[in-house]
Structure formats: structure tokens, C-alpha cells
1. Name the residues in the range 354-389 that are within 13 Å of residue 195 (Cβ to Cβ) and assigned to a helix (DSSP H, G or I), would you?
2. Of all residues in the range 264-292, which are assigned to a helix (DSSP H, G or I) and either crowded, with 20+ Cβ neighbours inside 10 Å or in contact with a strand residue (DSSP E or B) (Cβ under 7 Å, 6 or more places away or on another chain) (or both)?
3. When you look at residue 81, is it touching a strand residue (DSSP E or B) at 6+ places or on another chain (Cβ under 7 Å) and either touching a residue at least 60 places away in the same chain (Cβ under 8 Å) or not in a strand (DSSP E or B) (or both), yes or no?
4. Residue check: is residue 291 within 30 Å of residue 122 (Cβ to Cβ) and either assigned by TED's automatic domain parsing to the domain that holds residue 196 or at pLDDT below 95 (or both)?
5. If residue 328 passes every condition in (1) under 27 Å from residue 346 (Cβ atoms); (2) more than 23 Å from the chain's Cα centre (by Cα); (3) part of a helix (DSSP H, G or I) but one, which one does it miss?
6. Search the range 367-392 for residues being without any contact (Cβ under 8 Å) to a residue 60 or more places away in the chain and out of contact with any strand residue (DSSP E or B) (no Cβ under 6 Å at 6 or more places or on another chain), and hand back the single one that is nearest to residue 345 (Cα to Cα).
7. Across the range 319-363, what is the number of residues that are without any contact (Cβ under 8 Å) to a residue 24 or more places away in the chain and in contact with a helix residue (DSSP H, G or I) (Cβ under 6 Å, 6 or more places away or on another chain)?
8. Output the residues belonging to the range 96-152 that are more than 24 Å from residue 82 (Cα to Cα), in a loop (DSSP other than H, G, I, E, B) and modelled with pLDDT of 90 or more.
């Protein structure tokens with residue numbers, strides 16, 4: 001230590017790391033340890049981490065591709081991977097994307113979510129000189145996936161929560177956001193099918209958002225991670241409204257039970273894709289080439305995604321009648337593997353704690369934003385046998401859970 005150094009001085013840390021609250025799942029994990037009875041195997045419906053096996057043909061593709069000597073993967077990923085994704089996108093949505101300019105692989109959509117605000121928010125021309133408003137706002141319909149807001153804050157942006165409402169069927173209504181907010185907006189996060197509510201935006205609603213973005217000059221990032229988990233009509237993509245001012249995020253985590261593989265895509269407006277491709281080498285590269293080989297196999301096959309949907313449908317058909325018998329109201333929940341449940345008594349945290357005492361883990365809606373208070377999210381990711389056991393435990397608990 002230098003003789004002139006102050007022994008009491010401490011090195012700095014980003015205040016967002018020292019002053020913020022716990023990540024919601026850290027809080028829930030702590031309460032789980034405190035409340036689940038000793039010797040009881042917890043059944044976890046809180047996290048969107050599928051417990052189904054990754055299809056064997058995908059695992060075999062990965063094994064065959066593991067090299068003797070591993071090299072850094074390219075930022076843009078393999079041409080075959082981009083072609084597999086754009087081929088799937090054309091089959092699924094009828095939208096043709098250029099694999100050279102319109103797509104960029106990501107290490108799962110969580111990485112893409114975190115990087116997006118860094119790519120679009122920064123120091124621009126002085127608004128007093130340019131006459132244009134400074135665009136530092138990121139609009140987040142809430143309740144929401146809990147990474148959108150901290151990612152915006154780390155990038156120096158100003159999050160604006162746009163509350164979703166039960167009376168709107170938990171669908172985002174852009175007209176509820178004042179024009180004054182839109183004029184300073186850099187980025188809107190749109191999530192459809194929606195986490196946590198399972199609500200789906202139709203083609204007309206998506207078109208209204210796209211027109212608004214082009215009129216006011218902001219970006220739309222549509223997180224479509226749950227697009228392949230649906231039980232009626234297939235949800236549309238934001239890119240069916242055109243690529244201008246819009247990107248979408250897709251992942252194999254839910255579609256193909258590949259959460260641990262960390263493989264997804266950003267696709268859309270080539271201007272933003274080019275900017276992200278320029279930014280990306282500063283923070284990382286694509287997933288390893290052998291993981292890309294597994295992803296190529298997954299994007300090229302649609303049958304296994306249909307099988308996954310059937311598994312989630314069976315779980316839904318177990319819980320929906322049970323919740324109805326209890327008088328517990330499920331709202332939205334049109335797609336995704338989430339059920340959005342209005343809790344008896346209105347206190348979502350207290351209800352989750354009652355569930356923890358019987359070894360059933362769900363997520364309080366208030367952990368995902370104030371607009372989620374009074375609701376809980378059930379992620380139908382345990383096996384069907386575990387789901388049956390969870391229903392049996394809740395039946396046995398009876399009135400202790402509320403009605």
C-alpha cells in the first residue's frame with residue numbers, strides 16, 4: 001500500500017449492484033428454504049425452466065459436433081445456423097428474412113435483452129442544439145420479465161412502467177402511454193405471448209404499435225420467447241408488420257427444452273442488427289459451434305415443438321379444472337406455459353407462503369412489478385407426475401390455502 005493511501009478508502013462499485021433489491025428468484029429461494037417443511041420435496045412452478053428432456057436428436061447433434069480442438073465462434077454465428085432460423089421463421093410466419101443482414105444469434109434471449117438498451121441509449125446531440133428530445137426512456141409494460149428494467153438502468157436509461165390491467169385482458173394498450181413519453185422513448189419492450197400473464201397481442205394490436213414506433217421514431221423489441229407454446233391459434237410475430245423500427249427475440253429454451261444451451265436469435269430491422277453486430281464483439285461472441293450444431297437441428301425440425309405443446313396442454317388440463325373447482329380465477333393465460341392466477345384474499349406473497357408450507361413453489365405477481373400484486377404465476381414446467389402431486393397436496397391442504 002502506498003504510504004499516502006488512506007487505509008479507510010474503499011474501491012467503488014456500481015450503485016445498482018449495492019443499492020438495489022434482491023433479484024426476485026433469489027428472494028423466493030430464500031423463503032423456500034425457510035418455509036418448505038424438512039423432508040418435503042419442493043415442486044417448483046416459479047421459474048420458466050422446463051423439466052422435460054431435450055429431444056434426443058438434438059443432444060446427438062451436439063455430441064457429434066464436439067471438436068477435438070475448440071476455437072472462438074464467430075460473432076455472426078454459422079451461416080447454416082442463420083439459414084436454419086430464417087427457414088423456420090418463413091415456415092412459421094410467412095416472413096422471409098435475409099440471413100446476412102436481418103438476423104444475429106444470441107446466447108439465449110436473456111443476453112439479448114440485457115444488451116438491447118446499451119445499443120440504443122447513449123449520449124446523443126445536445127437537445128438544446130438539435131431541437132430533438134433526448135431519447136433515454138425504455139417503456140416496459142408491467143408486470144414483466146424482471147430483466148428488462150435493470151438492463152435499462154445499467155445502460156443509463158430511464159424505465160417507464162406502463163401498467164397492464166385486468167380489464168384489458170392484460171394486453172398492452174399503447175394509447176394509455178402519453179405522447180410526451182413516446183417522444184422521449186428510445187425502446188419499447190413488447191412481450192407476446194406475455195410473461196407472466198400468458199396474454200397474446202393480435203395482428204391489429206401489433207400493427208398499431210409498429211405505426212406508433214415509426215411515427216415517433218423509437219425501437220420496438222418484441223420478446224417472442226413463448227411463440228411456440230400455444231393452445232389455440234398460433235400467435236403472430238411483430239415482424240408480420242414489417243421490419244422497420246422493429247426487432248424480435250426468439251429462443252430455443254422453451255420451444256425445444258434447451259434452456260441450458262443458451263441459443264437464440266435477434267431478427268428484424270437491418271439497421272439495428274448491424275449496430276448490434278458491431279457492439280457484440282465487445283461483450284462476447286456466439287454460442288460454441290457444437291451448440292450451434294444442436295440449434296441447427298432444432299430449428300430445422302417442427303415435430304418436436306408440437307410434442308412439447310402437447311405436454312404443456314396436458315398439464316393445463318390438469319390445473320384449469322382444479323382451479324375452477326376451488327373458485328380461483330385464471331386470467332389471460334392464452335399461451336405460454338404460464339397460468340396467471342388471481343389469489344384468494346388478494347395477498348399474493350402470503351398465498352405463495354402458504355403454498356411453500358406444503359412444498360409447492362409459485363411466483364408472487366408483485367415480484368414482477370406492482371401491477372402484478374394480487375396474482376401469482378404458475379409455470380407448468382414440472383413433469384406431469386409432479387403436477388399431479390402438486391394438485392394432490394393442494395387438495396389435502398383444503399381451506400388452509402383460502403377460497
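The values are calculated or read from the model by the stated rules, or taken from the named source; none is laboratory data. Since the structure is predicted, the reported quantities are computational estimates derived from the model, not experimental observations. When we count neighbours, we look across all protein chains shown, and the Cβ atoms used for this are built from the backbone with ideal geometry, even at glycine.
1. Within the range 354-389, 365, 367, 368, 372 qualify.
2. Those that are assigned to a helix (DSSP H, G or I) and either crowded, with 20+ Cβ neighbours inside 10 Å or in contact with a strand residue (DSSP E or B) (Cβ under 7 Å, 6 or more places away or on another chain) (or both): 272, 273, 276, 277, 280, 291, 292.
3. When the stated conditions are applied, residue 81 passes them.
4. No.
5. With (1) under 27 Å from residue 346 (Cβ atoms); (2) more than 23 Å from the chain's Cα centre (by Cα); (3) part of a helix (DSSP H, G or I) applied to residue 328, the lone miss is (3).
6. Among those that are without any contact (Cβ under 8 Å) to a residue 60 or more places away in the chain and out of contact with any strand residue (DSSP E or B) (no Cβ under 6 Å at 6 or more places or on another chain), it is 374.
7. The number of residues fulfilling the criteria is 1.
8. Let us first name the residues in the range 96-152 that are more than 24 Å from residue 82 (Cα to Cα), namely 121-152.
If we keep only those that are in a loop (DSSP other than H, G, I, E, B) too, we end up with 121-126, 131-136, 143-147.
Correct list: 121, 135, 136, 143, 144, 145, 146, 147.
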